[in-house]
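A.B. asks: Structure provided below as structure tokens; questions to follow.
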Amino acid sequence: MNFKTTYILFGFLAGVFILLALALFMDPGAVDSAAFIFPSMRSGKNTIQVDEVDRVEVDRKKPIAEKLVFELDPATKRWNMTAPKSTRTDKFAIQEIVRQLREAKPDTEADRPSNLAQWGLDDPSAVITLKKKDSEHTISLKVGNTSPGESSAVVYVLSSDNPREPLAVKKSLIDGLFKPQIAFREKDLLCPSVSDIKSFKLEETGKKSVAVAKTGENKWRYTEPASYGEADYDGGENSDPIKVTGGVRGLLMNISNLKVDYKDDKNNDFVSDDNPDLAKYKLDPTKDKVLQLSIERIEEGDKTSNPRLIVALTEKVGEAKDKYYAMVDDGKKEIVRISVASIEPLLRLAVDPEGLRERTLVKIGTLDKPDAIKIKNNYGSLEFLRADSAKPWMFYRPGKDFPDAINEAVITNLISVLGQKGQVKSFLDSPKDSELELDKPQAELSIYIDGIDKTPKEEPKDEKKDESKKDDKSKDEKKEIKKEVKPSLKAGEPRVKVLFGKRENGLVVFKRIADKETTYGKVPETLLDKLKDSPLAYLDTFIPKFTESADVSENVTKLSITRGGKTFEVTRDKNEDPWKIVSPTEQAGKNADASLVMNALGALNNLKASRLVAEKAPEGELTREYGLNPAATKAVVTLGKDKDAKTFEFGFGKDSPDKTGVYARQAWRDFVFITDRFAINALEAEFQDLVVFPKLDPAKIESIKLTGWQSLLGSPFTIDLERKEKSWIAKAPADFKIDPVKIEALASSLGTLKAEKFISFNSGTKPEQELDLAKGALQVEFKVQGEKESQKLMIGKLEGDKSYFATSGKFTDVFLIPKAAFESMRVKPAYFSP
């Protein structure tokens, strides 16, 4: 066989497999239909699917003669038992019979008796008949003996498809045929599917009825009492779905779960009376205390039905007294028992009809985006407009025709708070506006959905014209001045309007008008407080910077800070120059700590306002309320020099009422705001450079002279040291042996030495500080390569237990230095020996 032939053969086989797969896909029921006890249900002109049967008969002869007839109601598509009595039927139990007969296969390994009598088929124990919908075609199955055993038991049957060939079928494959009559009864009392319920009505004897109907996807409204308006579909977050607090959704789930408990034919809650005496079960609505639950249920073909459940509330029944008698009144009057627990949510709603009322003050659909919000309060009318949802809100303050920059987070938070669940704490029925101060409301809120008129408008032009018209070229080049046009609203009422009136015990009365429906109730007064805020509460709290440079000190030539009546000022000429102290005068000429200056500048440049509190406050208010006239702390930053200099002045005043911040103000702006204490802390620093010997490189120290130890030796003792060939030698005393490592450590300590604190500036030393060789001080004098003059450090008395008094060089400042670096060498000169 050549390769070409092989390819052709494989191609042919592949085609056969594809056709076979298509056949299986197009008509899976036709595959090996002869293997089933009813081949005709799966192939041929009279195939029967599970949903194509409209009548099932189970005619039992043994052990008890009874004929069960089940028929499909063509209007409701629900199964009913029509014989031996009329009752609602579990459709799944009927469908199980049809499915099992369609799927059942013979057991080819079972024993085969020699005649029909041995099969029990000469006088069958039961005959099951199925009728196909819209047809006279039927199939039947005769049922004979059952072999011993449980899982291995087989039933001998005779199929109408092959009436001359008895078959054995495993009993487990057709066990639906053997269920007792009661097992076919419907366990669901009203409607197992939540989505099929269009409305429900609840009536308890002695109480007013409650009715709720569906108006849209997840939208429900009270129809009784109609004044209750919209119902809450979802209920509270994390609520129990079988409680009223689970909203309409939870109650619908509760209704759909109303069932009759059924374990077996002896353990169930069906009551056997065929012609019930309602008085016996106390189920007569005209005489007994009952709960009536009616629903409108969607049926096939967009039809509806209205089943009603009546529950006897007079007494609890059952061994545990945890059941009620109940009856489904749909023409059949079936008596059952249902659990008390399943009825409790319904009883709670009957007691509290408002339990399902929508308690969101302003409910806006997820797809609805407000484009205009108006707040009227003591400050006038505050308008928030947003013609394009992709752009920020525009905030128009009273008396202004141009928008202010808005704090988006504040308006977003307001919308969120208004839409929070459970804001409405109670409802009021038809009150008088004047009695609740709603005729003169404290605040008024209007929310518009698609309320902005987006019709193009011609922008106003500058009315000034070139009267001379002499220079046509300049006239053509002249640009028209355009003014921003404030969006206008469409005619009509807002989607939601809420008026806020009288305060009562932490709540405030409201009147809401939405969709031409008026509702009165109470909400927390904190909501009113938000709506009574001044326009400043909505403004952008961004604080302008004096520089946008990443280096906040760039081009800064002066920083002046006044606090406690004293001014601290540092200056420099160029960015690369060190900061020098100008005042106070006793520190004049000294280096300032560049990192502390940078820290202060950074704090001033990055001020954050937690809240704006005043705009254009009068001088008296600045003094009295905010401590800003004069400011308790003032800082002035100067950029540039001479005629190019620009100054930025900051003032900081009293603590805020909650003590979390301070009042502040920028002199070039009108606003008073609250900021945290970060800037104040940075401005309170001592700007004196704490480095005792700035820019000292220990490696360039060429000599060190130590003098002291008078208290130990009776007179000052001097050690004169010199760096030589990367080590150290003692010049005097010549025979003094030294440890070069300790000398190098001393040099390093001098290079990194920082004052812990300055005690005084340029006022000299005090005797008690013992900064005198005669009183036991230690003087460290050293000379740096390339410098003419030596530098000195005088170490005096111990202050406390961690620091020494010290002074240095050309300044007579006294400061504290760490004890640890110098303690050992102050004890005795021998410290420097090996």
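The values are calculated or read from the model by the stated rules, or taken from the named source; none is laboratory data. The model shown is predicted, which means the values in this text are computed figures rather than measured ones. Please note: Cβ atoms are built from the backbone with ideal geometry, for glycine as well, and neighbour counts cover all protein chains shown. Keep in mind that these areas ignore ligands, DNA and RNA; they rest on the heavy atoms of the full protein, side chains included. Shrake-Rupley method; radii C 1.70, N 1.55, O 1.52, S 1.80 Å.
A.B. asks: What residue, of I680, I719, is surrounded by 19 or more Cβ atoms within 10 Å (Cβ to Cβ), in a helix (DSSP H, G or I) and among the aliphatic types (A, V, I, L, M)?
C.D. replies: Numbers: I719 fails: in a helix (DSSP H, G or I).
One residue alone meets the criteria, I680.
A.B. asks: Any idea which residue in segment 729-740 is most open to solvent (accessible area, probe 1.4 Å), counting only those that are among the hydrophobic types (A, V, I, L, M, F, W, C) and touching a Phe, Trp or Tyr at 6+ places or on another chain (Cβ under 9 Å)? Reasoning before the result, please.
C.D. replies: Step one: list which residues in segment 729-740 are among the hydrophobic types (A, V, I, L, M, F, W, C), which gives 729-730, 732, 734, 736, 738.
Of the ones still in play, those that are also touching a Phe, Trp or Tyr at 6+ places or on another chain (Cβ under 9 Å) are 730, 736, 738.
Details: A730: 19, F736: 41, I738: 25 Å².
So, considering only residues that are among the hydrophobic types (A, V, I, L, M, F, W, C) and touching a Phe, Trp or Tyr at 6+ places or on another chain (Cβ under 9 Å), the one most open to solvent (accessible area, probe 1.4 Å) is F736.
A.B. asks: Among the residues of segment 243-254, is any open to solvent by less than 20 Å² (accessible area, probe 1.4 Å), modelled with pLDDT under 90 and not hydrophobic (A, V, I, L, M, F, W, C)?
C.D. replies: Checked segment 243-254: at least one residue is open to solvent by less than 20 Å² (accessible area, probe 1.4 Å), modelled with pLDDT under 90 and not hydrophobic (A, V, I, L, M, F, W, C).
A.B. asks: Specify which of the listed residues (G751, G764, G786) is modelled with pLDDT of 90 or more and exposed (fewer than 15 other Cβ atoms within 10 Å of the Cβ). Lay out the reasoning, then the answer.
C.D. replies: Numbers: G751 fails: exposed (fewer than 15 other Cβ atoms within 10 Å of the Cβ); G764 fails: modelled with pLDDT of 90 or more.
G786 is the lone residue from the list that is modelled with pLDDT of 90 or more and exposed (fewer than 15 other Cβ atoms within 10 Å of the Cβ).
A.B. asks: Quick check: is even one residue across segment 69-89 part of a helix (DSSP H, G or I) and either at pLDDT below 95 or exposed (fewer than 13 other Cβ atoms within 10 Å of the Cβ) (or both)?
C.D. replies: First, pick out the residues of segment 69-89 that are part of a helix (DSSP H, G or I): none.
So far as segment 69-89 goes, no, none of its residues is part of a helix (DSSP H, G or I) and either at pLDDT below 95 or exposed (fewer than 13 other Cβ atoms within 10 Å of the Cβ) (or both).
A.B. asks: Which one of A592, A603 is in contact with a helix residue (DSSP H, G or I) (Cβ under 7 Å, 6 or more places away or on another chain), in contact (Cβ under 8 Å) with a residue 24 or more places away in the chain and either open to solvent by less than 50 Å² (accessible area, probe 1.4 Å) or of a type outside the set (A, V, I, L, M, F, W, C) (or both)? Write out each step before concluding.
C.D. replies: Numbers: A592 fails: in contact with a helix residue (DSSP H, G or I) (Cβ under 7 Å, 6 or more places away or on another chain).
A603 is the lone residue from the list that is in contact with a helix residue (DSSP H, G or I) (Cβ under 7 Å, 6 or more places away or on another chain), in contact (Cβ under 8 Å) with a residue 24 or more places away in the chain and either open to solvent by less than 50 Å² (accessible area, probe 1.4 Å) or of a type outside the set (A, V, I, L, M, F, W, C) (or both).
A.B. asks: Now, a different point. May I ask you to say which residue of E615, E619 is open to solvent by 50 Å² or more (accessible area, probe 1.4 Å) and free of Cβ contacts under 8 Å to residues at least 40 places away in the same chain? Steps first, please.
C.D. replies: On the way: E615 fails: free of Cβ contacts under 8 Å to residues at least 40 places away in the same chain.
When all the criteria are applied, what remains is E619.
A.B. asks: Give all pairs with beta carbons closer than 8 Å in which a residue from segment 45-62 that is assigned to a helix (DSSP H, G or I) meets a residue that is of a type in the set (K, R); count only pairs at least 6 apart in sequence or on separate chains.
C.D. replies: V50/R99; V50/R102; E52/K132; E52/K133
A.B. asks: L252 fails exactly one of the following numbered conditions: (1) under 23 Å from T76 (Cβ atoms); (2) outside any helix (DSSP H, G or I). What is the number of that condition?
C.D. replies: Unmet condition: (2).
A.B. asks: In segment 470-512, what count of residues is obtained for those that are farther than 19 Å from D453 by Cβ, open to solvent by 70 Å² or more (accessible area, probe 1.4 Å) and at pLDDT below 90?
C.D. replies: Total satisfying the criteria: 12.
A.B. asks: Could you check A745 against (1) assigned to a strand (DSSP E or B); (2) free of Cβ contacts under 8 Å to residues at least 24 places away in the same chain; (3) closer than 25 Å to G796 by Cα and say which number it fails?
C.D. replies: (1)
A.B. asks: Checking G144 against (1) open to solvent by 60 Å² or more (accessible area, probe 1.4 Å); (2) in contact with a helix residue (DSSP H, G or I) (Cβ under 8 Å, 6 or more places away or on another chain), which test does it fail?
C.D. replies: (1)
A.B. asks: For segment 514-554, give me each residue that is touching a Gly at 6+ places or on another chain (Cβ under 8 Å) and at positive phi.
C.D. replies: The answer is none; no residue qualifies.
A.B. asks: How many residues, within segment 483-529, are under 32 Å from the mean Cα position of the chain (by Cα), acidic (D, E) and farther than 20 Å from P370 by Cβ?
C.D. replies: Result for segment 483-529: 3.
A.B. asks: When the residues of segment 807-834 are filtered to those that are of a type in the set (V, I, T) and buried (at least 17 other Cβ atoms within 10 Å of the Cβ), which remaining residue is farthest from the chain's Cα centre (by Cα)?
C.D. replies: So the first thing to find is which residues in segment 807-834 are of a type in the set (V, I, T), and the list is 807, 812, 814, 817, 827.
Checking which are buried (at least 17 other Cβ atoms within 10 Å of the Cβ) leaves us with 807, 814, 817.
On the way: T807: 61, V814: 58, I817: 54 Å.
Among them, the one singled out is T807.
A.B. asks: K259 is checked against (1) in contact with a helix residue (DSSP H, G or I) (Cβ under 9 Å, 6 or more places away or on another chain); (2) closer than 22 Å to F427 by Cα; (3) open to solvent by 60 Å² or more (accessible area, probe 1.4 Å) and fails just one. What number does that condition carry?
C.D. replies: Here K259 clears every test but (2).
A.B. asks: Here's another thing I want to ask about it. Just for segment 639-673: of the residues that are open to solvent by 10 Å² or more (accessible area, probe 1.4 Å) and within 31 Å of the chain's Cα centre (by Cα), which one is nearest to S610 (Cα to Cα)?
C.D. replies: Step by step, filter segment 639-673, then rank; the result is T660.
A.B. asks: Still on this model: Applying the selection to segment 563-581, what residues are under 49 Å from the mean Cα position of the chain (by Cα) and at positive phi?
C.D. replies: Passing the criteria: only G564.
A.B. asks: Collect the residues in segment 485-514 that are in contact (Cβ under 8 Å) with a residue 24 or more places away in the chain and among the polar types (S, T, N, Q), keeping them in residue-number order.
C.D. replies: S488
A.B. asks: Moving to a separate point now. Out of segment 537-554, which residues are over 27 Å from the mean Cα position of the chain (by Cα), among the hydrophobic types (A, V, I, L, M, F, W, C) and either farther than 30 Å from W668 by Cβ or open to solvent by less than 20 Å² (accessible area, probe 1.4 Å) (or both)? Break it down into steps so the answer makes sense when it comes.
C.D. replies: Filtering segment 537-554 for residues over 27 Å from the mean Cα position of the chain (by Cα) gives 543-554.
Next, from what is left, pick out any that are among the hydrophobic types (A, V, I, L, M, F, W, C): 543, 546, 550, 552.
Passing the criteria: I543, F546, V552.
A.B. asks: Could you say which residue among S33, S43 is at pLDDT below 85, surrounded by fewer than 18 Cβ atoms within 10 Å (Cβ to Cβ), hydroxyl-bearing (S, T, Y) and under 30 Å from R164 (Cβ atoms)? I'd like the intermediate steps shown before the answer.
C.D. replies: On the way: S43 fails: at pLDDT below 85.
Only one candidate passes the filter, namely S33.
A.B. asks: Among the candidates K700, K726, K705, single out the residue that is in contact (Cβ under 8 Å) with a residue 60 or more places away in the chain, more than 17 Å from F822 (Cβ to Cβ) and over 60 Å from the mean Cα position of the chain (by Cα). Step through it out loud before you land on a result.
C.D. replies: Details: K726 fails: in contact (Cβ under 8 Å) with a residue 60 or more places away in the chain; K705 fails: more than 17 Å from F822 (Cβ to Cβ).
Testing whether each residue is in contact (Cβ under 8 Å) with a residue 60 or more places away in the chain, more than 17 Å from F822 (Cβ to Cβ) and over 60 Å from the mean Cα position of the chain (by Cα) leaves just K700.
A.B. asks: On the basis of being of a type in the set (K, R) and closer than 30 Å to K282 by Cα, does K187 make the cut? If you could, list the steps in order and put the result at the bottom.
C.D. replies: Numbers: of a type in the set (K, R): yes; closer than 30 Å to K282 by Cα: yes.
Judged against the criteria, K187 is a match.
A.B. asks: Of the residues I343, I375, which single one is closer than 30 Å to K187 by Cα, among the β-branched types (V, I, T) and either at pLDDT below 90 or buried (at least 20 other Cβ atoms within 10 Å of the Cβ) (or both)? Step through it out loud before you land on a result.
C.D. replies: Numbers: I375 fails: closer than 30 Å to K187 by Cα.
Only one candidate passes the filter, namely I343.
A.B. asks: Can you report the number of residues in segment 796-806 which are surrounded by fewer than 22 Cβ atoms within 10 Å (Cβ to Cβ) and either in a loop (DSSP other than H, G, I, E, B) or under 60 Å from the mean Cα position of the chain (by Cα) (or both)?
C.D. replies: Of the residues in that region, 6 qualify.
A.B. asks: List, please: which pairs have Cβ atoms under 7 Å, are six or more places apart or on different chains, and start with a residue in segment 549-574 that is under 19 Å from G653 (Cα atoms) and end with one that is open to solvent by 40 Å² or more (accessible area, probe 1.4 Å) and assigned to a loop (DSSP other than H, G, I, E, B)?
C.D. replies: If the second residue must be open to solvent by 40 Å² or more (accessible area, probe 1.4 Å) and assigned to a loop (DSSP other than H, G, I, E, B), the pairs left are R563/E684.
A.B. asks: Can you tell me which residue among E136, E165 is of a type in the set (D, E) and either out of contact with any strand residue (DSSP E or B) (no Cβ under 9 Å at 6 or more places or on another chain) or part of a strand (DSSP E or B) (or both)? Quick ask: steps written out before the conclusion?
C.D. replies: Numbers: E165 fails: either out of contact with any strand residue (DSSP E or B) (no Cβ under 9 Å at 6 or more places or on another chain) or part of a strand (DSSP E or B) (or both).
None of the other options fit; the residue is E136.
A.B. asks: Here's something else I'd like to know. May I ask you to verify whether P694 is within 57 Å of the chain's Cα centre (by Cα) and surrounded by fewer than 18 Cβ atoms within 10 Å (Cβ to Cβ)?
C.D. replies: Numbers: within 57 Å of the chain's Cα centre (by Cα): yes; surrounded by fewer than 18 Cβ atoms within 10 Å (Cβ to Cβ): yes.
Spelling it out, P694 is indeed within 57 Å of the chain's Cα centre (by Cα) and surrounded by fewer than 18 Cβ atoms within 10 Å (Cβ to Cβ).
A.B. asks: I'm trying to understand the selection: among the residues of segment 282-308, which are modelled with pLDDT of 95 or more and either among the aromatic types (F, W, Y) or within 41 Å of the chain's Cα centre (by Cα) (or both)?
C.D. replies: L291, Q292, L293, S294, I295, E296
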